[in-house]
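Worksheet: one structure, shown below.
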Amino acid sequence: MLKQFLNLKLSQKLSPQQIQLMKLIQLPTQAFEQRLLEEMNENPALEAGKEEEEYVKDEFETEDYDDFDDAESERIDADEINIDDYLSDDDTPDYKTQTNNYSDDDEDHDIPFAAPISFHQDLINQLNTFILIESDREIAEFLVGSIDDMGYIRRSIPDIVDDLAFTQAVYTDEKTVERLLHVIHELEPSGVGARDLQECLLLQLKHKTPTEYIELATDIIENQFDAFTKKHYDKLLQKYNVSNDQLKKAIHEIEKLNPKPGGSFTGNTKVTENIVPDFAIRIVEGKLELSLNGRNAPTLHVSRDYQEMLQTYKESKDKSSQQKEAVQFIKQKLDSAKWFIDAIRQRQETLFVTMNAIMHYQEDFFLEGDETKLKPMILKDIADIVGLDISTISRVANSKYVETPYGTKLIKEFFSEAMKNDQGEDVSTLEIKKILQNVIEEEDKHKPLPDDQLAEILKEKGYPIARRTIAKYREQLDIPVARMRKKM
């Protein structure tokens, strides 16, 4: 039996303009500048700088064009119109022919730059200094290609022999590959081509000038590696019958080694990203002052030429089909330019009111710089203050930085959940983590505190936290367990 039901559903969809605005809000300063440049390149009706004089608002902004929107008028794809055909050279906007980021007396020079040599290319260059027969060189280069960015060869010798046969049609044996691997081990940085951490450390130690402590360190890594990694120093003292000072110096030699020989090289070839603060907070006469990075507030205006072209069309008595097609493109670009200018203004307002609310909510921290003064703060707290959606606050917080008297901070780091102290007051988890970090920094490194003792200490300080929560916070702070924090 069929039944009929009436189901009412209320849904809200964002318009394309709202979606674009949300994307603009999410962009940090550098990405926003790139987006602005793209928009200006795509829309000639959008120009930088202030207009030379006040311009009277045209009626086209509110008036409908019956003859333009007539159903019989032929529609044309805007991509097929070249607006330059309708503009003389004199009408070309200034921004197309001028740059505004140099002074008048600057010379235009191309800046040369050095193309960095890759980690693997550097190894190949070193390998070329060895005298090898052609078949050995082919295997050695394959081994170099098998080294990962950290400097290790993670595959076993039998697997490499198989890979050479299947992928390179090079048929060899394990003994030959092992022999050529020793050649790779002679390359710099020392330790490169190792198959595990133990071999990596041994290779580096064997390249050092032998001393009493280097020899002890080598023996420890070669024969007591498990005891060393677990910091069972008592077992090592008993095994080698040495003093605390002798063992300490041998371990110090090991600690100077690089566990990631390739990491130091690849780290130097990566481009360091400069953080551009989106906001700045200053303390002026005991009060906080907030400013938005000026690069987020460009001065833009709608092209005078394009407005005049539309006005000329409106006053024209004989409107040809070609003119209608051109004006369709012009009106589209004018509307887009006006929307973009308004969207930038809304972005500025949204960024400022959001950061202003965060600044006042965390006023104690921004005045003193004490992280224990950070209050519990979630996205909803700020959303309620400024009257914006939580998702909007998230977009502002997740990708923006603020310059403070205490360093440049990622805004989302000011947000945290609340926990109760022994007085029943809400305290920030950031405050608890900071206190936990301070306790660990001040501990006796010869007898580091396990998680249960850390929980007891924080409880005495007024923060009743379970041991498992201590372990979670410690891991979030990238602090190892007590045994791994032990020092000689």
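Return the ratio Rg/(2.2 N^0.38 Å) for segment 336-415, where Rg is computed over Cα atoms only.
It is 1.18.
Spelling out what I want: for every residue of segment 446-452, take phi, set θ = phi - 60°, compute 6.51 cos²θ - 1.76 cosθ + 1.60 (Karplus), and round to whole Hz; glycine and proline get x.
Here the 3J(HN,Hα) series is 6, 9, x, 7, x, 4, 5 Hz.
Could you tell me the calculated FRET efficiency between Ile341 and Thr312, based on Cβ-Cβ distance and R0 = 25 angstrom, to the nearest 0.05?
E between Ile341 and Thr312, to the nearest 0.05, is 0.65.
Pop out the ³J(HN,Hα) list for segment 429-435 in order, Karplus 6.51 cos²θ - 1.76 cosθ + 1.60 with θ = phi - 60°, rounded to Hz; leave Gly and Pro as x.
5, 5, 5, 5, 4, 5, 5
If packing is taken as the average count of other Cβ atoms within 10 Å, what order do 432-444, 154-166, 187-199 fall into, highest mean first?
Output ranking for 432-444, 154-166, 187-199: 187-199, 432-444, 154-166.
Going through the cross-link list Lys235/Lys433; Lys331/Lys400; Lys459/Lys486; Lys287/Lys380; Lys256/Lys400; Lys248/Lys373, which pairs have a Cα-Cα distance over 31 Å in this structure?
In this structure, Lys235/Lys433; Lys331/Lys400; Lys256/Lys400; Lys248/Lys373 exceed 31 Å between Cα atoms.
Taking segment 192-260, how much of its Cα-Cα pair set, in percent, is spaced more than 18 angstrom apart?
That fraction is 29 percent.
Kindly write out, for segment 120-125 in residue order, the coupling ³J(HN,Hα) from the Karplus curve 6.51 cos²θ - 1.76 cosθ + 1.60 (θ = phi - 60°), rounded to whole Hz, with x marking Gly and Pro.
5, 5, 4, 5, 5, 4
Under a 5 Å amide H to amide H cut-off, with H placed in plane at 1.01 Å, what residues pair with Asn293 once short-range neighbours are removed?
Answer set, sorted by chain and number: Phe279, Ala280.
Once you wrap a convex hull around the alpha carbon atoms of segment 350-488, what is its projected area averaged over all directions, in nm²?
Approximately 9.4 nm², given one-decimal rounding.
What are the residues whose amide H is under 5 Å from the amide H of Ala194, where those residues sit 5 or more places off or on another chain and H is modelled from the backbone?
Correct list: Ile153.
Compare the Cα positions of Leu236, Asn274, Gln204 along the charge dipole of segment 168-290 (+1 at Cβ of Lys, Arg; -1 at Cβ of Asp, Glu; about the Cα centre) and return the one farthest towards the positive end.
Highest projection toward the positive end goes to Leu236.
Are there trypsin sites (Lys or Arg not before Pro) in segment 312-396 that DSSP puts in a loop and that have at most 11 other Cβ atoms within 10 Å, and which ones?
Qualifying residues, ordered by number: Lys317.
Pop a pseudo-label 7 angstrom from the Cα along the beta-carbon direction at both Arg155 and Asn223 and give the gap in nm to one decimal.
3.5
Share of segment 391-435's accessible area from carbon and sulfur, percent, 1.4 Å?
Ligands and nucleic acids excluded, carbon and sulfur give 41 percent.
Rank Glu289, Glu371 by accessible area, highest first, at a 1.4 Å probe radius?
Ranked list, largest accessible area first: Glu289, Glu371.
The values are calculated or read from the model by the stated rules, or taken from the named source; none is laboratory data. Just so it is clear, the model here is predicted, and its values are computed rather than measured. Note: ideal-geometry Cβ built from the backbone for every residue, glycine included; neighbour counts use all protein chains shown. Side chains are part of the model used for accessible areas, which takes the heavy atoms of the whole protein and leaves out ligands, DNA and RNA. Shrake-Rupley method; radii C 1.70, N 1.55, O 1.52, S 1.80 Å.
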